[in-house]
Amino acid sequence: MAPRVEDPGQLREPVEIRKWQQFPDIGDDDLDNEYPLVAKVRAKFEAVGGVTYREGVQAGEIVTHRATIRYRDDVTSENVIIRRRKRYQVRRAAELDDKLIWLVIDLEEIGPHE
C-alpha cells in the first residue's frame, strides 16, 4: 500500500539524491564508485512493513525503506538516496495516484556513506 501524503509538512527528512556511477580503477581490476549530487530534497522516510519486505525478497528486490518526495522525473534505479550518513539504493520509483505531485521511492539500505 502506498503511503498517503496530504500535507507537505510530512516531508521532514532532508535527503540527497545522488547518481550512482561506477568506473574502472586504473590501479587494479576493481570498480570505483562515485556519487555526484543530483538534488537536495525533503522526504517522508519510513521503514517498510514485514509483508512488503517479504514480497521484495521473493521478487529478488529487497525493499527496506520507502521515501516520498515531491514529484521529479529524474529518479531511477541508477540513483541512491543519502539520509543520515546512510546510503539507500533506489529499487523503483512511481508517482502517487498518477497526479505528478508526489513520488514514492522504494529503497534498499546498502550501508554507510562516507
May I ask you to say which residue of VAL104, VAL75 is surrounded by 12 or more Cβ atoms within 10 Å (Cβ to Cβ), closer than 17 Å to LEU37 by Cβ and among the aliphatic types (A, V, I, L, M)? VAL75
Looking only at the stretch 58-72, and only at residues there that are among the hydrophobic types (A, V, I, L, M, F, W, C) and in contact with a helix residue (DSSP H, G or I) (Cβ under 9 Å, 6 or more places away or on another chain), the one that is surrounded by the most Cβ atoms within 10 Å (Cβ to Cβ): VAL63
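One line per residue, one yes/no per condition, for (1) closer than 20 Å to SER77 by Cα; (2) modelled with pLDDT under 85; (3) part of a strand (DSSP E or B):
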| residue | (1), (2), (3) |
| --- | --- |
| ILE17 | yes, no, yes |
| GLN22 | yes, no, yes |
| ASP29 | no, yes, no |
| VAL38 | yes, no, yes |
| GLU46 | yes, no, yes |
| THR52 | yes, yes, no |
| GLY56 | yes, yes, no |
Say we look at the stretch 85-96 and pick out the residues that are without any contact (Cβ under 8 Å) to a residue 60 or more places away in the chain and either of a type in the set (Ser, Thr, Tyr) or in a loop (DSSP other than H, G, I, E, B) (or both); which of these is surrounded by the fewest Cβ atoms within 10 Å (Cβ to Cβ)? ARG85
Just wondering, is there one or more residues in the stretch 60-71 that are in contact (Cβ under 8 Å) with a residue 60 or more places away in the chain and over 11 Å from the mean Cα position of the chain (by Cα)? yes
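The values are calculated or read from the model by the stated rules, or taken from the named source; none is laboratory data. Not measured: the values here are computed from a predicted model. With ideal geometry, Cβ positions are generated from the backbone for all residues, glycine too; neighbour counts draw on all protein chains shown.
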